[in-house]
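The structure appears right after this line, and notes come after that.
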Amino acid sequence: MVNGLSVDVEDWFQVGAFENVISRDDWDSLSLRVEDNVARILDLFDEADVKATFFTLGWVAKRNTALMRRIVEAGHELASHGYDHARVFTFDRKEFAADIVKARKILEDASGARVIGYRAPSFSIDQRTPWAYMELAEQGYTYSSSVAPVAHDHYGWREAPRFAFKPLPWSDLVEIPVTTAMFGGKRLAAGGGGFFRVLPYAFSRWAIRQVNGKDQRPAIFYFHPWEIDPQQPRVPNAPLKSRFRHYTKLDQMAPKLRELVKDFAWGRMDMLAHREAELAVELPA
């Protein structure tokens, strides 16, 4: 079973947890660490001989054009993460359309590669944004991986299907939610990020084995470049919960990733989307 491996390319100060304490106007004055961190990830993937998808902010791509070319030249997929990490439900449809057009143009100009995949910042496509899929389809995207089918204080569409679905009956666009596992009849977030970093590796290994074995479906895993960077600057005025989520066990992330890519088979999201489209269900009304 080939699982989907993805990296949400944003810098340490662009995360949703800090959006109320770090202004976008200040971003250019802060230490940029994303280029070095992505380079380390590319080396890690090369060592393991795995390919992945890099969902990248247009803001980052604009300032790191050589890095975008390096990602593509290494055989990975470059996909869109929007322009500056604004959550989809903060837009109306016209604003969302402008955001993904802007980001896609920057990504394609920087890399020379076509962009067909999209991931909403903070998995922010949900029942409040039915127009988002219409806009993605009309702009020619093949797939989205923008839904976390769980309840969470920052994101989540609890009622969404756990596996690939077609959100529009008239379009081939496929949504591929991030992975959840089942325990005691409840869905557990198990697709990476902070859950992977903070919880013992045995939990993620159990969850992926459940999805691959019992469900017979690929897992969708994600993480961020800043998660392998223990030396990143601290944000002392951020809420305590945000600081705990962001900084806990950063030094353990890279070793865990090496174990993960060794234990399971991984591939790009665009390749997985092609296969999952055949199994995708219709989104219930």
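The values are calculated or read from the model by the stated rules, or taken from the named source; none is laboratory data. Note that the structure is a prediction, hence the values are computed from the model and not measured. Positions of Cβ are backbone-derived with ideal geometry, glycine not excepted, and every protein chain shown enters the neighbour counts. Note: areas computed on protein heavy atoms with side chains; ligands, DNA, RNA excluded. Shrake-Rupley method; radii C 1.70, N 1.55, O 1.52, S 1.80 Å.
Using amide H atoms built in the peptide plane, which far-off residues or other-chain residues are under 5 Å from Thr56 H to H?
For Thr56, whose amide H was placed from the backbone, the distant partners under 5 Å are Val9, Ala79, Ser80, His81.
May I ask what percent, to the nearest 5, of DSSP beta bridges between residues of segment 125-276 are antiparallel?
Values: 5 of 8 bridges.
Here the share of antiparallel DSSP bridges comes out near 60 percent.
Along the three principal axes, how long is segment 226-285 when you take its alpha carbons, biggest first, rounded to the nearest angstrom?
Dimensions of segment 226-285 along the principal axes of its Cα atoms: 47, 37, 15 Å.
If you roll a 1.4 Å probe over segment 13-172 with all protein chains in place, what percent of the accessible area is carbon or sulfur?
Answer for segment 13-172 is 47 percent, counting heavy atoms of protein chains only.
Lysines near Lys94 by alpha-carbon distance under 21 Å, same-chain residues fewer than 8 away left out - which ones?
Partners within reach: Lys102, Lys105.
Could you identify which residue out of Asp99, Asp251, Asp84 has the top mean-square fluctuation in a GNM of the chain using Cα springs shorter than 10 Å?
Per the Cα network of the chain with a 10 Å cutoff, Asp251 tops the list.
Report for the chain the percent antiparallel among DSSP-assigned beta bridges with both residues inside it, nearest 5.
DSSP beta bridges in the chain are roughly 20 percent antiparallel.
In sequence order, what are the phi-derived ³J(HN,Hα) couplings for segment 163-178 according to the Karplus relation 6.51 cos²θ - 1.76 cosθ + 1.60 with θ = phi - 60°, rounded to whole Hz, with x for glycine and proline?
Taking θ as phi minus 60°, the curve returns 10, 3, 9, 9, x, 10, x, 9, 10, 7, 4, 10, 9, 10, x, 5 Hz for segment 163-178.
Please compute, over every Cα-Cα pair in segment 109-213, the percentage with a separation greater than 20 angstrom. If you can, show how the numbers build up before the last one.
Values: 2398 of 5460 pairs.
In whole percent, the long-distance tail amounts to 44.
If you take the Cα Rg of the chain and divide it by 2.2 N^0.38 Å, with N the number of residues, what do you get?
Taking the Cα Rg and dividing by 2.2 N^0.38 Å, one obtains 0.93.
Taking Cα centroids, how far is segment 68-121 from segment 142-216 in Å?
If we compute the Cα centre of each part, the gap is 22 Å.
Taking the Cβ of Gly117 as the center, what net charge do the other residues with Cβ under 15 Å away carry, scoring Lys and Arg +1 and Asp and Glu -1?
Residues near Gly117 contribute -2 overall.
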